[in-house]
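Below is one structure; the comments refer to it alone.
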Amino acid sequence: LLVVVEPESWSAEGITLLQRAVQKVQQRLNRGLAVAGYLLTKRSSLTIHRELDELLRRTFGSQVFAVHIPALVRYKEAASSRRSVFPATRASALAEEPYYRAAHELVTRLS
């Protein structure tokens with residue numbers, strides 16, 4: 001299970017509810033269900049975003065992805081125009097793309 005977290009005050013509440021739901025699923029349906037990690041998305045330099053990032057890392061440690069997805073206008077534009085967020089100009093730019101790095105980290109965690 002990949003938990004995508006937007007850095008808002010209500011997210012911490014949602015994580016608690018999600019953890020309860022995961023425990024119920026583990027007990028009743030799928031003992032093998034596990035959280036692969038927490039991915040912070042739409043993160044900016046706002047104080048509340050930094051504070052939630054720090055809280056997640058203190059609470060869940062290495063379960064929090066090293067990479068976070070920043071709040072960038074180009075991501076909103078890509079979503080609204082149904083285009084890829086990956087840059088098409090340079091192949092070397094792909095390795096720096098946060099979504100690519102998050103996908104790579106997920107694959108590493110799952111292997």
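The values are calculated or read from the model by the stated rules, or taken from the named source; none is laboratory data. In this text the structure is predicted, and so the values were computed from the model without any measurement. Note that we place each Cβ from the backbone using ideal geometry, even for glycine, and neighbour counts take in every protein chain shown. Surface accessibility is based on the protein's heavy atoms, side chains included, excluding ligands, DNA and RNA. Shrake-Rupley method; radii C 1.70, N 1.55, O 1.52, S 1.80 Å.
With protein chains left intact and a 1.4 Å probe, residues in the chain average 69 Å² of accessible area per residue. Spacing of the modelled spin labels on ARG58 and ASN30, each 7 Å from Cα toward Cβ, amounts to 3.2 nm. Ignoring trypsin sites (Lys or Arg not before Pro) that are buried or in helix or strand per DSSP, and keeping those with at most 12 other beta carbon atoms within 10 Å, what is the longest stretch of the chain between them? Here the longest run is 32-81.
Computed over the chain, relative contact order equals 25 percent, with contacts defined as Cα pairs under 8 Å that lie 6+ residues apart. Stretching GLU96 away from ALA78 to a fully extended chain increases their span by 4.7 nm, per 0.36 nm per residue minus the current alpha-carbon distance.
Shown is the FRET efficiency for ARG20 and GLU105, computed with R0 = 30 Å from the Cβ-Cβ distance and rounded to the nearest 0.05: 0.70. Taking only protein heavy atoms and a 1.4 Å probe, the accessible area of the chain is 56% carbon and sulfur. One entry in [x] -0.38, -0.82, -1.26; [y] -0.57, -0.94, -1.20; [z] -0.50, -1.01, -1.32 is log10 I(q)/I(0) by the Debye sum over Cα atoms at q = 0.12, 0.18, 0.23 Å⁻¹ calculated from the shown coordinates; its label is [z].
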